[in-house]
Every structure is written in structure tokens, then in C-alpha cells.
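Beneath this line is the structure, given in C-alpha cells, with notes to follow.
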Amino acid sequence: MQKMKIDSDRDYSVKTVDKALELLEILSDYEDGIGLAPLAARVGITRNGTFRILRTMCTKGLVEQDEQNGNYRLGFCSATLGRKLLKNMNVINYAHPVLEDLANRFDEAVYLTVPRDDEVLFLDMVDSRQQIKAAPLLGRLLPFFTNAPGKVMKSLDSRDLIERLLKRIGRKKGALELEKLDLELNEIRCSGVAIDRGGLGEGIISIAVAIKDYSGKVIGAITLIGPSFRILSERIENEIIPTLKEGADLLSGRFGYCPA
């Protein structure tokens, strides 16, 4: 009996999400809003059920209710989510051919990484054909200062911003440790590249260069990841870094960045 209850709850949750998405799609056609009764008729559920879904989405900012006539329309957060989705899709569409070229050239995994709140999101990747390689990180969120892309994306931030970020994510750093991080980020700022050894796993090296937009803001990083026995220092300096920088410059140019 208990199993039947769990299955029933799961089925109801899926149906509710389906109806919520259907409501959002309908609302997108009504700039001035639409009333509860016609919405309920369109999605084929009771007014009470429709109202409960709409109220839940109102609390999240996805839907708004007009105080004058009671009609519902898309909320500000729906537009924000749409812009974020379009932005991520544009970044992926622009970046993926560059990732493919780099992965084919070096036969190592290459990622597009972007900042997401207080973490780094591994948004897209092209894998290597190697038998031995690092565990895939696609879709993973990792803290900024544990990996090369996080460090290269934060290297242009001021010390105050870094201190605030560390406090926000609950990492207390003493003066000496903060000074060490500050020196590391300054070196990355000057060289334009971050190299991390071991932060993503024992024997794993990650190398990252930043992607900027028209305003000079860092919007992501190209990151090459592989085992240390293949990614030797000479190869890093003579081949990988110059080529990653070329790829990052190409992508930055597509987003309107023009170096001074």
C-alpha cells in the first residue's frame, strides 16, 4: 500500500509540473493577462487546481496577478529565466565549435565553464578519445577557488570582492592565506591563464583562460583538463596556453570584446 501511495504522489507531481508549464506557455500569448476561468478551461483542470498552481508560480515571480482585474500574466522572473537561457544557448552555440577544434588538436577534454552565483558551472564539453582521462564534469557546480576556471574568472575581481565572496560561501581565511590567494590571482591576472594541479583530483591538471564580453566583463572560461602524465610543462607553455588564448580571443571577439 505504501508503494502505491509513493507512485501516486510522484505521478501527481509530474502532472502538476506539466500543467504549470502549459500555463506558462498559454500566458506567453497574453501580454495583457488572462482570467482564471479561461485558463482553467484551457489546461483542463478545476479552477481551484489552476489557482493553486498559479499562486505557487506567483510566489516565485514567474507569474503576476493584476490587482485591478485579477488577470494573470507572465512575471518578471519568467523573462529573466528566458534571458538567461538565451544567453547560455548563445554562449554554447558560439563556443562549441571552438571546443571541438581544441579537443581535436590536443586530444584532451575541453570545457566551457561559466560563473553561476558563487560557483563554477561546467556548461559544455568536448571529450577526448583517450583511454585514460579525467572523470567528466559536465553539469557540475564547483567552488570558485578549487579549480583553474574559477580562479581565472575571479582574477580580475578586487580583494574586497574576493573577501566578500569567501565570507558568503562560508570560508574563513586568515591574513596569510588570503595574501597567498591574492598573489596567485595577481599572477593569473598578469599572465591571463590559470593552471591548477590536483584541485579536480589527484594527478589532474586544468588550464583555463577567460572569455570576456563587449564591456570587458568575464563571462566564462575555456578549460582544458587531463592527466598530468600527458600534460607536461613544456607542452603547456609551448602549445596549450597559446592555443587556448587564441580560442578565448576568438570567442571574446564574438561577444564584442575589443582589447584596449
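Checking the cross-link filter: which aspartates and glutamates have an alpha carbon closer than 18 Å to that of K19, excluding same-chain neighbours under 8 positions apart?
D9, D11, D29, E64
Using a simple spin-label model with points 7 Å from Cα along the Cα→Cβ vector, what separation in nm is obtained for N238 and E163?
The answer from the label model is 4.4 nm.
What distance in nm lies between label points placed 7 Å from Cα along the C-beta direction at T59 and L183?
Computed distance between label sites T59 and L183 equals 5.1 nm.
Let's test the formula: R0 of 22 Å, r as the Cβ-Cβ distance of F229 and T146. What FRET efficiency results, to the nearest 0.05?
With R0 = 22 Å, the Cβ-Cβ based efficiency is 0.50.
Find how much the distance from C77 to R129 grows on full extension, using 0.36 nm per residue of separation minus their present alpha carbon separation; answer in nm with one decimal.
Extra length available between C77 and R129 comes to 14.6 nm.
Pulled fully out, how much extra length does the chain show between E100 and Y214, if you take 0.36 nm times their separation in residues and subtract their Cα-Cα distance?
Going from the current span to full extension adds 38.6 nm.
Quick note: the coordinates plus some simple rules give every number you see, no bench work behind them. This one's a predicted model, so the numbers in the text were calculated from it and none came from an experiment. With ideal geometry, Cβ positions are generated from the backbone for all residues, glycine too; neighbour counts draw on all protein chains shown.
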